[in-house]
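Below is one structure, written out as structure tokens; comments come after it.
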Amino acid sequence: MLQISLNMTKAVLERCRTRKLLSTWSPLANAFNAPPAKRINFARNDVGLFRMQELRSADGFYLLRENVENSTQELIAEAISSQRQRKMVDIFDELSDSLCKVADLAEFVRIAHPKNKYMQAAEEACINICGVVESLNTHKPLYQALSRVVHEGDMMPTSEVDQHVAKLFLFDFEQCGIHLPEQERLRVVRLNDYILQLGQKFMNGAAQPTVLPRSAVPENIRHYFPTSGDNIIITGLCTNAANVQMREAAYRFYLQPSDSQEELLKDLLMCRNELARSCGFATYAHRALNGSTMETPELVREFIDELSEQLRPRADADFTLMTQMKRKESGQPRALVEIWDTPYFTTQLKRQSLEEQANEFLPYFSLGGCMQGLDNLLHSLYGVRLQTAEMEPGESWHNDIYKLAVVHDDEGLLGYIYCDFFERNGKPNQDCHFTIQGGKRLADGSYQLPIVVVMLGLSPPRWTGPTLLSPARLDNLFHEMGHAMHSMLARTEHQHVTGTRCATDFAEVPSVLMEYFASDPRVLRTFARHYQTHQPISEDMLQRLCASKHLFAASETQLQVFYSALDQVYHGDMALQGASTTETLREVQQRYYGLPYVEHTAWQLRFSHLVGYGAKYYAYLISKTIASWIWQTYFEANPFNRQAGEKYRAEILAHGGAVPSRKLVANFLQREVTPRVLADSLIHEIDMDESKIKELIISRN
């Protein structure tokens, strides 16, 4: 009996000690380390979704639609009036703002709200807004009024930013062919519709499993795959499978050619090319890159070629090491690494050379701890704090949402971030950032505060412990919060170009830059502590964690170069392409990737990014390169440098898309943005990381 009492006393003391240690977390950390408080409405009025009174019920979407339709007609009348009293760009931005407030909100609710009634009402609102936009795209007097202002100047004084934003509005207008003769315009409309249908069909086909008769799969690996009657179902690539035959079989079977997918892709590329030429562009790539950081496909190709040349010997060294690992593991002295092996051996190197154990880092990255780390970093760089805000009745779409107020030490409230971090039935399995309301300067001089949602797919916290993040999840959190802070820290005159509403190949720069902070030992030391004992992560674990993120960086970057080159070729001169998309793939892979094409496969027919990022897949590579350049120039020496942070905000983040991104980057880095300079920056990073990894591995042996 005495022993039991002693054990119970020890357990109570341990729980008290743990509670005492945990109390040293900040209020922000404690909030995110506990399940969101259940909100019970004791007679307080429902404020409506996102504090919009119209959305106290799903029927409010009908009122929002009616309001935006009325305001659209009023703004059209003002824009085409000879008695106009405002700058044309201000009228168009108000028109854009009123439409986006409903369209962006409805798009989010359509995919994230758990109640069907809200989802259906939101979907109907999306369709309705699309109809309003279609009517605007055919409104010749409205187009002509804007075109006159862009080409001849406004009757009101305008700034350089006003003129740039007006040109963006005009370009958007002309994408629908409104400037063309009527027959040509109708053809452009039909092509746009057909392209949309082709893209949806291609994406659907790309996600379908491969179904094979049992006899087509070697008997010794059939048991690795699910079955349906006499068929074997291949649902993916099995890249981390330990069995090499399974990896190879999954690759060959899952990526088998498909006549229907090939036809859809060829039709999609052909229609895009015809659309571009109808609108006055040489190729679809020229149309897609108009107004981008890189500006033309020629510059993109020059960057890809420059980077490819410098990467090849470095990537070859990666593949040589993988080959050695495969020979040692298989016992076959002539074995060669294949394209289906690379993810597997990257994981193996982490385990063998860096002694990384599954889930060993998890206890040191509680969600609350990570949010506290983010808060401290943002305050160091920008003087900004993340403060938990009380959620009013009816304000959120689920009871597991956190609300953050972003508050500047001097400027006060900058905006709100709603954190939809936890997985639930029906919620999309994706990490992303949604703009609900864009920031803009209002007529009375005040500022319309930005409102965004950050969506993740984390396991929810339990009463037994907080949500714990893997290193990859930590990177995703910092990445998506990078998008959110781009929206929060922007202070643009026009919402059409606020925050992430900028060139596609620049929009990822702030979010990718945040991943550099998430991979820096000095930053991680500020918050990587065991969620129970509060002990900091060991220096050895910290160094291994940071090194593991850069293993085989050259070959991984080469793969992204290959993907980007393929996308550019597909959307370039049709006369230079092969008889089939697979023939084109083979030629591009031979030139840009260090591992050979696998006969009788058609990887491109699963490449769904060709739909959403047509001619723009290179954007992530460019964004990473620019982020690397910014990191090396301003933050590598000191990731908490307030002077650098303030300069970055003032010269990059504050402008959103109001200034051409190429000009922003050149001014900020005080150097012309050339393909050679960009490639050199990324290669320098790869070489430095490789050197650090080698030093760490040598020190451990």
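Readers should treat all values here as calculations from the given coordinates under stated rules, not as data from a laboratory. If you're wondering where the values come from, they're calculated on a predicted model, not measured in any experiment. Cβ coordinates were reconstructed from backbone atoms using ideal geometry, including for glycine residues, and neighbour counts include every protein chain displayed.
Before moving on, here are some points about what is shown:
- Centre separation in Å (Cα based) which lies between the stretch 83-120 and the stretch 548-566: 38 Å
- Spatially proximal lysines relative to residue 328 (Cα-Cα < 28 Å; intrachain offsets below 8 disregarded): 350, 549, 692, 694
- Neighbour counts of C-beta atoms inside 10 Å place 673, 244 in the sequence 244, 673, starting with the fewest.
- Note on 194, 402: ascending count of other Cβ atoms within 10 Å places them as 194, 402, the fewest first.
- If the segment from residue 677 to residue 409 were pulled out straight at 0.36 nm per residue, it would be longer than the present Cα-Cα gap by 92.8 nm.
- Shape call, the stretch 362-469: gyration tensor on alpha carbons, a/c limit 1.5: oblate
- Packing, as the average of other Cβ atoms within 10 Å across residues, places the peptides 342-353, 280-291, 321-332 in the order 280-291, 342-353, 321-332, highest first.
- Sorting 685-691, 475-481 by average packing, meaning the other beta carbons within 10 Å per residue, from highest down gives 475-481, 685-691.
- Tensor-based shape of the stretch 362-551 (alpha-carbon gyration tensor, a/c under 1.5 rounded, otherwise prolate or oblate): prolate
- Pairs with C-alpha atoms separated by more than 32 Å, drawn from the list 440/663; 201/427; 115/140, are 115/140.
- Ordering 366, 260 by the number of other Cβ atoms within 10 Å of each residue's own Cβ, fewest first, gives 260, 366.
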